[in-house]
1. For TRP90, state whether it is more than 22 Å from ARG166 (Cβ to Cβ), touching a helix residue (DSSP H, G or I) at 6+ places or on another chain (Cβ under 7 Å), aromatic (Phe, Trp, Tyr) and assigned to a helix (DSSP H, G or I).
2. Exactly one of these conditions fails for TRP103: (1) out of contact with any strand residue (DSSP E or B) (no Cβ under 6 Å at 6 or more places or on another chain); (2) over 18 Å from VAL22 (Cβ atoms); (3) buried (at least 20 other Cβ atoms within 10 Å of the Cβ). Give me its number.
3. Could you list, in sequence order, all residues of region 31-53 that are in contact (Cβ under 8 Å) with a residue 24 or more places away in the chain and of a type in the set (Gly, Ala, Ser)?
4. Of everything in region 64-82 that's of a type in the set (A, V, I, L, M, F, W, C) and under 10 Å from LEU141 (Cα atoms), which residue is nearest to the chain's Cα centre (by Cα)?
5. Looking at (1) surrounded by 15 or more Cβ atoms within 10 Å (Cβ to Cβ); (2) touching a strand residue (DSSP E or B) at 6+ places or on another chain (Cβ under 6 Å); (3) under 25 Å from MET170 (Cβ atoms), which is the only condition ASP70 fails?
6. Among the residues of region 30-63, which ones are within 20 Å of the chain's Cα centre (by Cα) and outside any helix (DSSP H, G or I)?
7. Taking the conditions exactly as written (at pLDDT 95 or above, among the small types (Gly, Ala, Ser), surrounded by 14 or more Cβ atoms within 10 Å (Cβ to Cβ) and out of contact with any Ser or Thr (no Cβ under 8 Å at 6 or more places or on another chain)), does GLY81 satisfy them or not?
Amino acid sequence: MTAATARIIWLVFIVLYFILRVNPQRLARKTPVKFSAWDRREFILLGISLTGLGILPAVYCITQFPQFADYAFSPVQGYLGLAACVATLWMFHRTHRDLGLNWSKSLELRERHTLVTTGIYAYVRHPMYASFWLMAVAQVLILPNWIAGPAGLIGFGTLFFGRLHREETMMIEAFGDEYRAYMRRTARVIPWIY
């Protein structure tokens, strides 16, 4: 694998990611939103995450800017990144499938929202976030650039740590003791660890 091949893999990965996102987004719109925490803060956090996981790596893959921040590419690093991409897509698909009509791009609860605790949710409370962490790791491995590579870790990390408490508070308010019990038996994003 070469650095050029790795950039192509990253672009294909992003296209596949968006394809996986379209159907759940379209289906979820059919169920009205009961509660939304969409505000300026949420908009900014999503913008920071999109910049780090989408815009900066896309600019780098297409233009190789900022080339001055490149470092030597290792094929092993590329293959590990490819494996992380595959794992990300699997987890992302599984998360959407398990959530069904409960899915939302932001902090929202839908009419007839249910607490999903089966499938991938039996192991972690936030598998979507776990998939984004995997995506950020894949980006570091596949893009040999000191700016574009870690931009996903910084961008998504900002969203994750800026949103997680609000989301868990929202779920406790919606589901009470049922969610608290679920929190006790599952990890946030890494099974049995965190």
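1. Numbers: more than 22 Å from ARG166 (Cβ to Cβ): yes; touching a helix residue (DSSP H, G or I) at 6+ places or on another chain (Cβ under 7 Å): no; aromatic (Phe, Trp, Tyr): yes; assigned to a helix (DSSP H, G or I): yes.
No, not satisfied.
2. (2)
3. Step one: of region 31-53, the residues in contact (Cβ under 8 Å) with a residue 24 or more places away in the chain are 31-38, 41-42, 45-46, 48-53.
Answer for region 31-53, where residues must be in contact (Cβ under 8 Å) with a residue 24 or more places away in the chain and of a type in the set (Gly, Ala, Ser): SER36, ALA37, SER49, GLY52.
4. First, the residues of region 64-82 that are of a type in the set (A, V, I, L, M, F, W, C): 65, 68-69, 72-73, 76, 80, 82.
So of that shortlist, the ones also under 10 Å from LEU141 (Cα atoms) come out as 73, 76, 80, 82.
Working: PHE73: 25, VAL76: 24, LEU80: 18, LEU82: 16 Å.
Here the answer is LEU82.
5. The number of the failed condition is (3).
6. Across region 30-63, the qualifying residues are SER36, ALA37, TRP38, ASP39.
7. Working: at pLDDT 95 or above: yes; among the small types (Gly, Ala, Ser): yes; surrounded by 14 or more Cβ atoms within 10 Å (Cβ to Cβ): yes; out of contact with any Ser or Thr (no Cβ under 8 Å at 6 or more places or on another chain): yes.
When the stated conditions are applied, GLY81 passes them.
Condition check ((1) surrounded by 14 or more Cβ atoms within 10 Å (Cβ to Cβ); (2) in contact with a Gly (Cβ under 6 Å, 6 or more places away or on another chain); (3) β-branched (Val, Ile, Thr)) across all residues:
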{"residue": "MET1", "(1), (2), (3)": "yes, yes, no"}
{"residue": "TYR17", "(1), (2), (3)": "yes, no, no"}
{"residue": "ASN23", "(1), (2), (3)": "no, no, no"}
{"residue": "ASP39", "(1), (2), (3)": "no, no, no"}
{"residue": "ILE48", "(1), (2), (3)": "yes, yes, yes"}
{"residue": "LEU53", "(1), (2), (3)": "yes, yes, no"}
{"residue": "LEU56", "(1), (2), (3)": "yes, no, no"}
{"residue": "GLN64", "(1), (2), (3)": "yes, no, no"}
{"residue": "ALA87", "(1), (2), (3)": "yes, no, no"}
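The values are calculated or read from the model by the stated rules, or taken from the named source; none is laboratory data. What you see is a predicted model; the values in this text were computed from it and never measured. Methodologically, a virtual Cβ is constructed for each residue, glycine included, from the backbone with ideal geometry; neighbour enumeration extends over all protein chains shown.
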